[in-house]
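The values are calculated or read from the model by the stated rules, or taken from the named source; none is laboratory data. Given the structure is predicted, the values throughout are model-derived calculations rather than measurements. Virtual Cβ from ideal backbone geometry, glycine too; neighbours counted across all protein chains shown.
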Amino acid sequence: MLEAVVWGLVQGITEFLPVSSSGHLRIIPDLFGLKPPDLSTSAVLHLGTLAAVVAYYRRDVAWMVGRLGSDPAARRMAAMVVVATVPAGIVGLLFASAIDSFQESTIGVGMALVATGMVLFLARLANRGSARAEDLTAGDAVVIGLSQALALLPGISRSGMVITAGIMRGLSPEESGRFGFIIAIPAILGAGLREFIGLGSVSNVSIELLIGTLVAGVCGYWAIKFLIDGLARRSLVPFAVYCVGIGLVTLIWL
């Protein structure tokens, strides 16, 4: 039970804060002598984080889906979500084996965490824009999508890359977070489906794992709220410092 709750906490918090969930799932077992989560645990926990982001942006999702045929803005937003999702889908399919191999490299994950921190520092240097996600062009969506594809590497934060890319393209920090988390829905769904396919069966799903998934969902929801509320008032620098620090710890001690 305790182990499932621990992985639920880790998955829920690090999936959405710009610190890399895949990186933490790789280094936490080594740092604390824990058994890493197996494929069934990882697959089911993804359902919790998927539920969290859908619940938080339920109005946006309902608007895009419900008004797709009648509202040009909803149609445009949905199109930009698709465009931004394509790069990660292509990279994930073409380089799945290489990405899995990278997951085994502690040094690689540590370096990726340091790189994430450096990118988050860049967000502070960008001019603070005021554009909304509905104003994105196809070119903007491609750039943001490429940043999301880069985050397939364990240790590279998906939310950190996407939010920084959105800010660089003129979105306000809050709108960059909003668009970044909306495009996380197909990304998390795809990752979860891939793991379920690899699992082949859900016979190992237990009540403890379901509780861990609930923990992941609740923590994920509040992690999104914490980050989005904070983007209006503070920079990503604290997360940058954390990523560089934990990356250096990984490189030195693991």
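Residue by residue, here is whether (1) surrounded by fewer than 23 Cβ atoms within 10 Å (Cβ to Cβ); (2) among the polar types (S, T, N, Q) holds:
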residue: Ile28; (1), (2): yes, no
residue: Leu31; (1), (2): yes, no
residue: Leu34; (1), (2): yes, no
residue: Thr41; (1), (2): no, yes
residue: Leu45; (1), (2): no, no
residue: Val53; (1), (2): no, no
residue: Tyr56; (1), (2): yes, no
residue: Asp60; (1), (2): yes, no
residue: Trp63; (1), (2): yes, no
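Pairing each residue of region 168-183 that is closer than 9 Å to Ala131 by Cβ with any residue that is acidic (Asp, Glu), provided the two are 6+ apart or on different chains, yields C-beta distances under 9 Å for Arg169/Asp140; Gly170/Asp135; Gly170/Asp140; Leu171/Asp135; Leu171/Asp140; Glu175/Glu134; Glu175/Asp135. Of all residues in region 98-139, exactly one satisfies the criterion of being in a helix (DSSP H, G or I) and of a type in the set (Lys, Arg), namely Arg124.
One residue is enough: does region 4-24 have a residue meeting the conditions among the acidic types (Asp, Glu), surrounded by 14 or more Cβ atoms within 10 Å (Cβ to Cβ) and either closer than 25 Å to Val237 by Cα or modelled with pLDDT under 90 (or both)? Yes, region 4-24 has at least one match. The set of residues from region 143-181 being within 23 Å of Glu104 (Cβ to Cβ) and either of a type in the set (S, T, N, Q) or part of a helix (DSSP H, G or I) (or both) comprises Gln148, Ala149, Leu150, Ser157, Arg158, Gly160, Met161. Applying the criterion of at least 3 residues that are of a type in the set (Gly, Ala, Ser) to the helices (runs of 4 or more DSSP H) found wholly in region 3-97 leaves 21-32, 39-56, 72-94. One residue stands out in region 76-105 among those that are at pLDDT 85 or above and of a type in the set (S, T, N, Q): the one that is surrounded by the most Cβ atoms within 10 Å (Cβ to Cβ), namely Thr85.
Residues satisfying the criterion are present in region 134-148 (criterion: of a type in the set (S, T, N, Q), crowded, with 16+ Cβ neighbours inside 10 Å and out of contact with any strand residue (DSSP E or B) (no Cβ under 6 Å at 6 or more places or on another chain)).
Counting the residues of region 238-251 that are of a type outside the set (Phe, Trp, Tyr) and under 15 Å from Ser159 (Cβ atoms) gives 3. Whenever a residue of region 91-108 is within 20 Å of Ser42 (Cα to Cα), its partners that are basic (Lys, Arg) and surrounded by 10 or more Cβ atoms within 10 Å (Cβ to Cβ), lying with C-beta atoms within less than 7 angstrom and at least six residues away or across chains, give the pairs Gln103/Arg26.
Which condition does Ser176 not pass, out of (1) hydroxyl-bearing (Ser, Thr, Tyr); (2) under 14 Å from the mean Cα position of the chain (by Cα); (3) modelled with pLDDT under 90, if it passes all the others? For Ser176, the exception is condition (3).
Is it the case that Leu209 is surrounded by 15 or more Cβ atoms within 10 Å (Cβ to Cβ) and at pLDDT 80 or above? For Leu209, the condition - surrounded by 15 or more Cβ atoms within 10 Å (Cβ to Cβ) and at pLDDT 80 or above - is not met.
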